[in-house]
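Computed from the coordinates by the stated procedures, all read-outs in this text should not be read as laboratory data. None of these values were measured; they are calculated from a predicted model. Don't worry about glycine lacking a Cβ; one is built from the backbone with ideal geometry, like all the others, and counts go over all protein chains shown.
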Amino acid sequence: MEQFDVVIIGGGVGGLTLALRLVQADVKVLVVEKDKNPGKIYKGELLQPKSLLHFDEMGVVDDILDVSHPLPAIHTYEMKEHNDGTTETMAYIPLHYDRLQTRFPEARMIPHEQLKNILLDRAKTFDSFHYWNPATFKEFTAMDEKAGRFDEARIMYNQEEHHIRSSFFVGAEGRSSIIRRAMKQNLVTTQYNHHFLTVTFPRPEEYTEARMYASHKSFIGLFPLPDNEIRCVMLIKPGDYNKMKKAGLHTFTDPFIQFEPELQDYVTQIESWKDIQLMIPIRHNIHEYVKGNAAIIGDAAHAVHPMAGEGMNLAIQDGAVLGDLLQYMYQSGNLEPKQLKQFEKIRKKRSDRLSMLSHFSALGYAWPFRWYQWGRVAALKRFERHPILHYKHMLNISGVGWWQYTPMDAVRFAGPSWLYRRRRFRKRSKLATFSDRDDYPWRFRNQ
Ligand SMILES: Cc1cc2nc3c(=O)[nH]c(=O)nc-3n(C[C@H](O)[C@H](O)[C@H](O)COP(=O)(O)OP(=O)(O)OC[C@H]3O[C@@H](n4cnc5c(N)ncnc54)[C@H](O)[C@@H]3O)c2cc1C
């Protein structure tokens with residue numbers, strides 16, 4: 001029977017980040033991935049600055065920077081949409097990553113499969129890395145439920161049944177996680193009153209900014225990818241997808257042309273509805289990420305609404321932090337499973353906060369009323385113009401730190417911005433940035 005140090009179920013971004021971190025410390029890892037071919041489903045493509053910092057620690061950031069598109073800011077246009085179909089700009093609200101005091105003050109757009117290939121190719125250079133693909137984890141066949149210990153797993157690989165043993169099991173299998181079920185974790189699920197349509201199409205070379213256009217009844221996002229392509233998303237009401245398909249492809253392309261006429265010759269290159277993917281946002285949370293010698297990371301532990309571009313980043317950051325902890329446990333020779341709880345302690349709070357932030361971002365676009373848009377514009381303008389609120393928001397979504405929202409923010413929201421001094425803000429922003437001690441406290445315990 002084969003024996004590993006850590007078995008990771010799921011070779012998505014979360015599982016591969018974890019695997020790379022572990023094999024770099026010579027931990028014997030098996031990744032079990034069921035899909036043979038690159039995934040055709042659209043998954044996250046926007047890398048937040050904190051994920052870049054983790055990839056820097058792992059020595060792969062240059063490979064990622066080489067093939068990704070930089071976004072120093074996200075430009076939001078709130079539009080007035082007249083009944084005759086014409087539009088005019090009501091407010092322009094840029095949100096700047098480049099105000100952050102961090103090594104990578106920008107987000108990056110990268111095709112999801114390309115990112116996975118970078119991680120996989122690097123992991124494959126280590127002898128301690130084992131990759132079974134296509135292979136499917138079926139169930140645990142030996143466990144002590146009372147002690148929460150999982151000893152043996154049944155895996156189908158090369159059309160044969162394998163029983164493997166491992167010191168630790170990690171569920172990185174995405175939303176339908178078998179390990180989460182084995183851990184008896186119940187999901188708390190939030191559904192939304194909207195869906196998204198998404199597709200990639202060519203862009204002009206000079207179209208390099210990420211832009212979102214919102215009116216009282218429409219929302220579209222345009223996020224440039226490398227190689228002169230662009231990822232677009234459109235918010236629709238549930239049920240509209242089938243109606244739009246019947247009415248014709250123009251019902252999808254027209255709003256892009258309406259808000260961004262310079263893309264007319266590009267968006268019309270989309271050939272069929274087959275290229276356009278329906279995306280149903282969902283949010284789920286659970287109470288525990290760890291049980292005995294098993295842990296879950298990424299979407300297995302928390303699915304978030306995609307509006308703030310966090311899902312993929314939470315998976316990467318989970319993988320990096322759990323990877324560092326397991327690395328440390330092997331280096332220090334303390335393999336007590338209860339150590340894994342430290343991962344939960346660090347990551348659950350951060351994921352819950354970003355899940356909430358993504359949820360509120362989604363609510364901002366959830367109802368198609370003019371008065372609702374006015375409220376959103378007023379709030380966004382405040383966030384953009386007040387230096388502290390702007391910084392706080394970008395710091396929090398970047399994952400680089402967390403600066404708690406306080407009752408004082410309500411005063412900042414309502415009052416004039418010149419009341420607040422820059423010097424104090426710099427000091428506070430530094431304190432709110434996560435240090436190595438915050439990310440990896442086990443490394444500092446005996447110092
Ligand atoms: C339709 C959709 C749209 C999204 N849009 C965005 C977005 O705009 N922005 C964003 O940041 N995030 C987005 N996300 C979320 C983002 O893609 C995920 O948060 C991220 O991919 C999670 O990574 P993961 O590694 O946890 O899981 P996944 O990427 O789902 O990887 C899990 C892997 O496990 C494998 N697997 C599952 N079960 C088994 C098994 N039993 N045995 C072996 N292998 C198994 C799967 O094949 C898969 O490769 C979207 C997700 C979906 C589904």
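Quick notes
- Dimensionless Rg over Rh [the chain; C-alpha; Kirkwood]: 0.98
- Relative contact order (percent, whole number), region 174-314, Cα cutoff 8 Å, 6+ residue spacing: 33
- Each of L314, L326, F444 was placed along the dipole of region 308-447 (beta-carbon charges, centred on the mean Cα), and the one lying farthest toward the positive end is F444.
- With a Förster radius of 30 Å applied to the beta-carbon distance between T251 and W371, the computed FRET efficiency rounds to 0.70.
- Amide H within-cut-off set for I230, under 5 Å, with H built and near neighbours excluded: F201, R203, L225
- Per-pair calculated FRET efficiency, R0 = 41 Å: A414 and N133 via Cβ, rounded to 0.05: 0.15
- With 29 Å as the limit on Cα-Cα distance, the pairs of K43/K348; K28/K50; K138/K291; K116/K349; K245/K381; K40/K124 that go past it are K245/K381.
- Placed amide H near Y131: partners under 5 Å, 5+ positions off or other chain: V31
- Net charge of neighbours whose Cβ lies under 9 Å from the Cβ of A153, counting Lys and Arg as +1 and Asp and Glu as -1: 0
- Tail fraction, Cα-Cα pairs, region 93-232, threshold 19 Å, whole percent: 72
- Each residue, E57 and H163, gets one label point 7 Å from its Cα in the Cβ direction; the gap between the two is 3.8 nm.
- Residues whose placed amide H lies under 5 Å from that of G401, excluding near-sequence neighbours: F434
- At R0 = 51 Å, FRET efficiency that the Cβ-Cβ distance of N242 and K349 yields, to 0.05: 0.80
- Converting the Cα gyration tensor eigenvalues of region 42-96 into ellipsoid dimensions via √(5λ) gives semi-axes, longest first, of 36, 12, 9 Å.
- Region 368-436: C-alpha gyration tensor shape, a/c 1.5 cut-off, then a/b vs b/c: oblate
- What the phi angles of region 405-411 give under the Karplus curve with 6.51, -1.76 and 1.60, with θ = phi - 60°, is a coupling list of 6, 10, x, 4, 5, 5, 5 Hz, glycine and proline written as x.
- Comparing mean-square fluctuations of E33, E139, E344 from a GNM of the chain with C-alpha springs under 10 Å, the top value falls on E139.
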